[in-house]
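*Asks:* Below you will find the structure I want to go over with you.
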Amino acid sequence: MRAAAVDALVVSHLPNVRYLTGFVGTAGLVVLTPAQCVLVVDFRYQTVARSLVQSTPDLADYVTVVVPAKSYDETLADVLRETGARRIGIEGAWMSVSRFNRLSASLAGSAPTPLRSPDGCPAVVATERIIEAERVVKDEVELAALREAGRRLGGATAEALSLARPGRSELEVAADLDALLRRSGFERPAFESIVASGPNSALPHARPGARVLREGDGVVLDFGGVYDGYCVDLTRTVQLGDTGTEFRRLFAAVADAQQQAIAAVRPGVKASSVDDAARTALGRYGLAGAFGHGIGHGLGLEVHEEPRIGRPIAGQPDLVLAPGMVFTIEPGVYVDGIGGVRIEDDVLVTDEGCVVLTANGG
């Protein structure tokens, strides 16, 4: 916050609220200053929030729970006025323009006029990645959850693959994948499970439909779960019988690319180097142009979060890997008329290299 030159920070993105306080709900705000943390929740969550704060060591010394007597936005303005903050940061990626305008107008409407006070109106400014930058490297509690989640997802892989059989529809397989995730101890699926068979496999994010799986199909299964709030994600491509020489070539290329990318993961390496390792491998098969997305994405309280693992973006620094980062490695190639192949696992960067969290049964 000092680096961003703000006296107070309004945290409105719910995963960031959970990261800071442990509070889980469908609504809530946090106001951070150098001296305090105010958790604003409505009537539905007041008992849970207060119990959380009182039962967590040290949290009660730093967190005050406020339940709005009026709207969230009016209460937020009141809390900010009480802090005396002159420069107020909001999460630019998460606060809507209309909410930003309401907050600015409310603070301006109660500010003293220049004739009455030397103090001007509080300034509301957008900030980027203040909390997300802290979330990139996981702590031991987070890593314990992600390790267990990865173990459970990897352990369910063999059963997941057996669900893809000729005569079953994509929708049937997807429903069974979701049920398998529940049986494996996950709170819920981390996203809508993908089952893409035959020609649909050439669509990177195809949604399951009524198509019935057939002998000779390649079938992409992309599924993941939420365990203790943390997300894991895995993809396998199943070959139902003889998929043909060209499809088998795609599969061999992607399997090779994934192994090369995993081997490149270690502290001090640029994220783009991991992506390059996969593309170089695919290039040896003449398939570099068929890989149109990045090699991976961060995992944590969200299934897509930082770090981004891919080619450099102009004007943005190339991330350097550090121990405690968790992300996917998921090369894929997609060719109309042949099909698509994607293989995905989750890795944890360690001091020596990396650990594949979803390796069990994979």
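The values are calculated or read from the model by the stated rules, or taken from the named source; none is laboratory data. Note that the structure is predicted; figures quoted are calculated from it, not measured. Here Cβ is always computed from backbone atoms with ideal geometry, including for glycine, and neighbour counts include all displayed protein chains. We work out accessible area using only protein heavy atoms, side chains counted, and drop any ligands, DNA or RNA first. Shrake-Rupley method; radii C 1.70, N 1.55, O 1.52, S 1.80 Å.
*Asks:* Quick one: which of Pro15, Pro57, Pro68 is touching a residue at least 24 places away in the same chain (Cβ under 8 Å), part of a loop (DSSP other than H, G, I, E, B) and of a type outside the set (D, E, K, R)?
*Replies:* So the residue among Pro15, Pro57, Pro68 that is touching a residue at least 24 places away in the same chain (Cβ under 8 Å), part of a loop (DSSP other than H, G, I, E, B) and of a type outside the set (D, E, K, R) is Pro68.
*Asks:* Has the range 65-82 got any residue that is modelled with pLDDT of 95 or more, in contact with a strand residue (DSSP E or B) (Cβ under 7 Å, 6 or more places away or on another chain), open to solvent by 30 Å² or more (accessible area, probe 1.4 Å) and within 28 Å of Glu305 (Cβ to Cβ)?
*Replies:* Checking the range 65-82: at least one residue is modelled with pLDDT of 95 or more, in contact with a strand residue (DSSP E or B) (Cβ under 7 Å, 6 or more places away or on another chain), open to solvent by 30 Å² or more (accessible area, probe 1.4 Å) and within 28 Å of Glu305 (Cβ to Cβ).
*Asks:* Has the range 216-235 got any residue that is more than 29 Å from the chain's Cα centre (by Cα), modelled with pLDDT of 95 or more, surrounded by fewer than 20 Cβ atoms within 10 Å (Cβ to Cβ) and not acidic (Asp, Glu)? Explain how you work it out, then say what you get.
*Replies:* Just the residues of the range 216-235 that are more than 29 Å from the chain's Cα centre (by Cα), to begin with: 216-217.
The next check asks that each one be modelled with pLDDT of 95 or more; those that pass are 216-217.
Pick out the ones that are also surrounded by fewer than 20 Cβ atoms within 10 Å (Cβ to Cβ) and you get 216.
Narrowing further to those that are not acidic (Asp, Glu): 216.
Yes; the residues of the range 216-235 include at least one that is more than 29 Å from the chain's Cα centre (by Cα), modelled with pLDDT of 95 or more, surrounded by fewer than 20 Cβ atoms within 10 Å (Cβ to Cβ) and not acidic (Asp, Glu).
Residue by residue, here is whether (1) open to solvent by 20 Å² or more (accessible area, probe 1.4 Å); (2) closer than 21 Å to Leu143 by Cβ; (3) of a type in the set (Asp, Glu) holds:
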residue	(1), (2), (3)
Ala263	yes, no, no
Lys270	yes, no, no
Glu306	yes, yes, yes
Ala322	yes, yes, no
Met325	no, yes, no
Val341	no, no, no
Asp345	no, yes, yes
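*Asks:* Given the structure, is Glu170 at pLDDT 95 or above and open to solvent by 60 Å² or more (accessible area, probe 1.4 Å)?
*Replies:* Judged against the criteria, Glu170 is not a match.
*Asks:* What number goes with the only condition from (1) within 30 Å of Arg188 (Cα to Cα); (2) free of Cβ contacts under 8 Å to residues at least 60 places away in the same chain that Arg311 does not pass?
*Replies:* Of everything listed in (1) within 30 Å of Arg188 (Cα to Cα); (2) free of Cβ contacts under 8 Å to residues at least 60 places away in the same chain, Arg311 misses just condition (1).
*Asks:* For the range 129-191, list the helices (runs of 4 or more DSSP H) that sit wholly inside it and hold at least 3 residues that are over 17 Å from Leu299 (Cβ atoms); which are they?
*Replies:* Hits in the range 129-191: 157-162, 170-183.
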